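The values are calculated or read from the model by the stated rules, or taken from the named source; none is laboratory data. Being a predicted model, the structure only gives us computed values, none of them experimental. Note that we place each Cβ from the backbone using ideal geometry, even for glycine, and neighbour counts take in every protein chain shown.
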Amino acid sequence: MTKNRTILALFGMSFLLLIISAITGYTGLPQDASGPLVFRFDPAAGEIGLLGGVGTFFAVLGIVMLLALVNFVLALEMYGRKEFLSYVIAAATLVMAFFFFIATSTITSIN
């Protein structure tokens, strides 16, 4: 799999998006760990739907990064037997990273 540029490019873009999400979250969110963080805002009702902390955001980021790493190892192991499944895992990891980047951008813009 290390010679397959398509799978490596998909995982590379996934990890790049996760790094950009981490930088966006670190620079755009409040730095005090004690204050509440708005995770979901309902603009129609004008009320906050879900509160959390900065630690919660970075815990979710860590879980997403660990999931991407596990997917990379899984795709590496599956490549010899089912090459197509490795492509699916790599593409799904990129989609997951993209969705997390959108969530990071939204949370940063709300706060």
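The table for this structure:
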{"quantity": "Residues of the stretch 96-111 that turn out to be more than 9 Å from the chain's Cα centre (by Cα) and either assigned to a loop (DSSP other than H, G, I, E, B) or within 20 Å of Leu16 (Cβ to Cβ) (or both), as a count", "calculated": "5"}
{"quantity": "Residue satisfying all of: in the stretch 84-111; farther than 28 Å from Tyr26 by Cβ and touching a residue at least 24 places away in the same chain (Cβ under 8 Å); surrounded by the fewest Cβ atoms within 10 Å (Cβ to Cβ) among these", "calculated": "Tyr87"}
{"quantity": "Filter result for Ala91 (part of a helix (DSSP H, G or I) and modelled with pLDDT of 90 or more)", "calculated": "yes"}
{"quantity": "Criterion (loosely packed, with under 14 Cβ neighbours inside 10 Å, of a type outside the set (Phe, Trp, Tyr) and modelled with pLDDT of 70 or more) met by exactly one of Ile23, Ile48", "calculated": "Ile23"}
{"quantity": "Of all residues making up the stretch 71-83, the number that are of a type in the set (Gly, Ala, Ser) and surrounded by 14 or more Cβ atoms within 10 Å (Cβ to Cβ)", "calculated": "1"}
